[in-house]
Amino acid sequence: MPASPRPSPEDRPGSPGDRPNPAGAPGYAFPARLWQALERHRPPGARAATEGWRSPLRGPWLTAVYGAALLVTLPLVIITGLLDYLAYGPQFGQAFPRDVGWLRLPPFDWPTRPSWLFRLTQGLHVTLGIMLIPVVLAKLWSVIPKLFDWPPARSVAQVLERLSLLLLVGGILFQIATGLLNIQYAYLFGFDFYTAHYFGAWVFTAALVAHVTLKLPRMVSALRSRPLAAELRTPRAGTRPEPPDPDGLVAPRPGPPTVSRRGAVALVGGGALLLGALTVGQTLDGPLRRTALLLPRGRDSGAGPNGFPVNRTAAAAGVQASETGPGWRLTVRGDGRTVTLDRDGLLALAQHTARLPIACVEGWSTRQSWTGVRLRDLAALVGVTDPSAAHVRSLERAGLFNQATLQANQVLDRDSLLALRVNGADLSADHGYPARIIVPALPGVHCTKWVASIEFRTRRDG
Ligand SMILES: Nc1nc2c(c(=O)[nH]1)N[C@H]1C(S)=C(S)[C@@H](COP(=O)(O)O)O[C@H]1N2
Ligand SMILES: [Mo]
């Protein structure tokens, strides 16, 4: 590798140092004349932009530090995101998007234990996703001169690399933007959030794999080039630019440092921790809930036994008091039989109490004490002892979440309930009165409120 691999002004087209395939352009290079022509038609501002980035901090080491932080955390965000999708039950056609073609993940029965499983996966997904924002921005800042490189590519391999970068940067920004809008309940997009976030995730993941494959060796050597411990001891006064690098991250004419590298790392790390601290509260119970300043749900949900977050109120769901009053009946079907019960009839059956979390895909969660009839007892009422699934319908007429299908293990768990009461009081209208589903580790969306009917299916039903 040449000592000064970045094309210096002397290397620029027309000079004797001109090479058709400079370092960093592996594989088939475009004819020199092509990129020379591009070079001559540099868009106004491109040169100014590249040379205007003068921070002496920019260089392979800082980029590698931010990159390493992302490399260990992003897989967790991706995996928890895909697990959330699988928890929705794609085998019942109730995960979104419904049809994902060959991007179908092998579905499996989401377990009911530990009961905090979905609380954990979804809490991690949202909290880590938010904490990574400063790291992503810092990583982008550290490579920003590259984004203005001109000519944009000198070989087929470089075109591919830059395309993957476009998908990588565009992908992560898209995932962050759609995720944030969703947890703020800002449905501004003219498309379905789940569809966008799911396909966006695959585009981003593919670009990430390509990027890591290409850059891992460079990340490792950059990290080795400056021992972390030494860098963390270096104050601003001792901060020097890195030697010129093949990727051209180091500024050609660096300015004086305004902050040390350890300061830059601390700033980003501190920002991530602060965002995390302002987020985790929404997945915790107790006074810490009030620290979730950035999230709209779960800060203050009122007092009393029903004082916990409400995602969709009865009014928003169009459920009228007249439908949930004394005239309300629950229809239980299965094995060719139908049983109808009113609320008193349900209260007369064996009651069971379980402390279970309700955990929403938007990241908030809370644990409450629910009381009601076991789902397996309701199944037995219509003679179903070996259910393959249960289909629950709400009084709510429209809406994506007015019905849900539960797996066999979710019906049979000893703590799976048609809840009638919470924390010793009747369910409030907004929490699903007269009856709602609550199942250990089940995503909040499928804990159907204002239940009207449950149909238990057996293996014979197919
Ligand atoms: N019928 C009906 N049930 C529903 C919903 C809904 O929109 N309609 N929202 C679900 C969602 S997304 C969540 S997170 C939980 C929230 O329950 P809570 O409002 O009692 O806290 O209810 C679920 N049950
Ligand atoms: Mo939810």
Using beta carbons and a limit of 7 Å, which pairs, at least six apart or on different chains, have the first residue in the stretch 349-361 and within 30 Å of LEU124 (Cβ to Cβ) and modelled with pLDDT under 95 and the second one within 16 Å of ligand 2 (Cβ to nearest atom) and assigned to a loop (DSSP other than H, G, I, E, B)? CYS360/ASN311
Top-ranked residue of the stretch 433-449 - restricted to ones that are crowded, with 24+ Cβ neighbours inside 10 Å and β-branched (Val, Ile, Thr), ranked as nearest to ligand 1 (Cβ to nearest atom): THR448
Filter the stretch 334-365 down to the residues that are polar (S, T, N, Q) and within 12 Å of ligand 2 (Cβ to nearest atom) and list them by number. SER365
Filter pass, HIS431 being under 12 Å from THR324 (Cβ atoms) and assigned by TED's automatic domain parsing to the domain that holds ARG367: yes
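For the stretch 125-142, indicate whether the set of residues that are of a type in the set (S, T, N, Q) and buried (at least 20 other Cβ atoms within 10 Å of the Cβ) is non-empty.
Start the filter on the stretch 125-142 by keeping residues that are of a type in the set (S, T, N, Q), which leaves 127, 142.
Subset that is buried (at least 20 other Cβ atoms within 10 Å of the Cβ): 127, 142.
Checked against the condition, which is being of a type in the set (S, T, N, Q) and buried (at least 20 other Cβ atoms within 10 Å of the Cβ), the stretch 125-142 yields at least one hit.
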Between a residue in the stretch 232-256 that is surrounded by fewer than 15 Cβ atoms within 10 Å (Cβ to Cβ) and any residue that is of a type in the set (D, E, K, R) and modelled with pLDDT of 95 or more, which pairs come within a Cβ distance under 6 Å, given they are 6 or more apart or on different chains? LEU232/ARG262
Kindly provide the set of residues from the stretch 279-300 that are surrounded by fewer than 16 Cβ atoms within 10 Å (Cβ to Cβ) and either out of contact with any helix residue (DSSP H, G or I) (no Cβ under 6 Å at 6 or more places or on another chain) or modelled with pLDDT of 90 or more (or both), ordered by number. ASP285, GLY286, PRO287, ARG290, PRO296, ASP300
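State all residues of the stretch 255-301 that are assigned to a loop (DSSP other than H, G, I, E, B) and either under 18 Å from the mean Cα position of the chain (by Cα) or assigned by TED's automatic domain parsing to the domain that holds THR127 (or both); if no residue qualifies, say none. Talk me through it step by step, then tell me what you get.
Initial filter on the stretch 255-301 (assigned to a loop (DSSP other than H, G, I, E, B)): 255-260, 284-286, 292-301.
Hits for the stretch 255-301 are GLY255, PRO256, PRO257, THR258, VAL259, SER260, ALA292, LEU294, LEU295, PRO296, ARG297.
Here's the yes/no breakdown for (1) modelled with pLDDT of 95 or more; (2) part of a loop (DSSP other than H, G, I, E, B); (3) over 29 Å from GLY101 (Cβ atoms):
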site: LEU165; (1), (2), (3): no, no, no
site: LEU168; (1), (2), (3): yes, no, no
site: GLY171; (1), (2), (3): yes, no, no
site: ILE176; (1), (2), (3): yes, no, no
site: PHE191; (1), (2), (3): no, yes, no
site: HIS197; (1), (2), (3): yes, no, no
site: ALA201; (1), (2), (3): yes, no, no
site: SER221; (1), (2), (3): yes, no, yes
site: PRO246; (1), (2), (3): no, yes, yes
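Output the residues belonging to the stretch 377-392 that are surrounded by fewer than 21 Cβ atoms within 10 Å (Cβ to Cβ) and in contact with an Asp or Glu (Cβ under 8 Å, 6 or more places away or on another chain).
Filtering the stretch 377-392 down to residues surrounded by fewer than 21 Cβ atoms within 10 Å (Cβ to Cβ) leaves 377, 380-383, 385-386, 388-389, 391.
Scanning the stretch 377-392 gives VAL382, GLY383, SER388, HIS391.
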Quick one: is PRO145 buried (at least 16 other Cβ atoms within 10 Å of the Cβ) and either farther than 30 Å from THR63 by Cα or polar (S, T, N, Q) (or both)? no
For the stretch 84-124, which residues satisfy the criterion of being without any contact (Cβ under 8 Å) to a residue 12 or more places away in the chain and not in a loop (DSSP other than H, G, I, E, B)? GLY101, TRP102, LEU120
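Determine whether GLY101 is within 30 Å of VAL439 (Cβ to Cβ), buried (at least 22 other Cβ atoms within 10 Å of the Cβ) and assigned by TED's automatic domain parsing to the domain that holds PHE199. So that I can check it myself, show each step before the final result.
Values: within 30 Å of VAL439 (Cβ to Cβ): yes; buried (at least 22 other Cβ atoms within 10 Å of the Cβ): no; assigned by TED's automatic domain parsing to the domain that holds PHE199: yes.
Considered against the rule, which asks whether it is within 30 Å of VAL439 (Cβ to Cβ), buried (at least 22 other Cβ atoms within 10 Å of the Cβ) and assigned by TED's automatic domain parsing to the domain that holds PHE199, GLY101 comes out as no.
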Single residue of the stretch 433-462 satisfying the filter (under 12 Å from SER394 (Cα atoms) and part of a loop (DSSP other than H, G, I, E, B)) that is farthest from ligand 2 (Cβ to nearest atom): PRO434
When you go through (1) surrounded by fewer than 18 Cβ atoms within 10 Å (Cβ to Cβ); (2) in a helix (DSSP H, G or I); (3) within 16 Å of ligand 2 (Cβ to nearest atom) one by one for ASP430, which number turns out not to apply? (1)
For the stretch 285-333, give me each residue that is within 16 Å of ligand 2 (Cβ to nearest atom) and among the polar types (S, T, N, Q). SER301, ASN311, THR313
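Of everything in the stretch 394-405, what is touching a strand residue (DSSP E or B) at 6+ places or on another chain (Cβ under 7 Å) and either of a type in the set (Asp, Glu) or away from ligand 1 (no atom under 13 Å from the Cβ) (or both)? Give them in sequence order. Let's see the steps before the verdict.
Narrowing the stretch 394-405 to residues touching a strand residue (DSSP E or B) at 6+ places or on another chain (Cβ under 7 Å): 394-395, 402-405.
If the condition is that a residue be touching a strand residue (DSSP E or B) at 6+ places or on another chain (Cβ under 7 Å) and either of a type in the set (Asp, Glu) or away from ligand 1 (no atom under 13 Å from the Cβ) (or both), then THR405 is the only one that fits.
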Among the residues that make up the stretch 338-357, is at least one of them surrounded by 19 or more Cβ atoms within 10 Å (Cβ to Cβ), polar (S, T, N, Q) and within 21 Å of ASP285 (Cβ to Cβ)? no
Complete set of residues in the stretch 452-462 that are within 14 Å of ligand 1 (Cβ to nearest atom) and buried (at least 24 other Cβ atoms within 10 Å of the Cβ): ILE454
Contacts under 6 angstrom Cβ, first residue in the stretch 302-323 being surrounded by 12 or more Cβ atoms within 10 Å (Cβ to Cβ), partner among the charged types (D, E, K, R), 6 or more apart: PRO309/ARG297; VAL310/ASP430; THR313/ASP430; ALA314/ASP430; ALA317/GLU396; VAL319/GLU396
Can you find a residue that is over 14 Å from GLN94 (Cβ atoms), within 31 Å of the chain's Cα centre (by Cα) and surrounded by fewer than 17 Cβ atoms within 10 Å (Cβ to Cβ) anywhere in the stretch 399-407? no
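The values are calculated or read from the model by the stated rules, or taken from the named source; none is laboratory data. Bear in mind that the values here come from a model prediction, so they are computed numbers and not experimental data. Cβ sites come from the backbone with ideal geometry, for glycine too, and all protein chains shown count toward neighbours.
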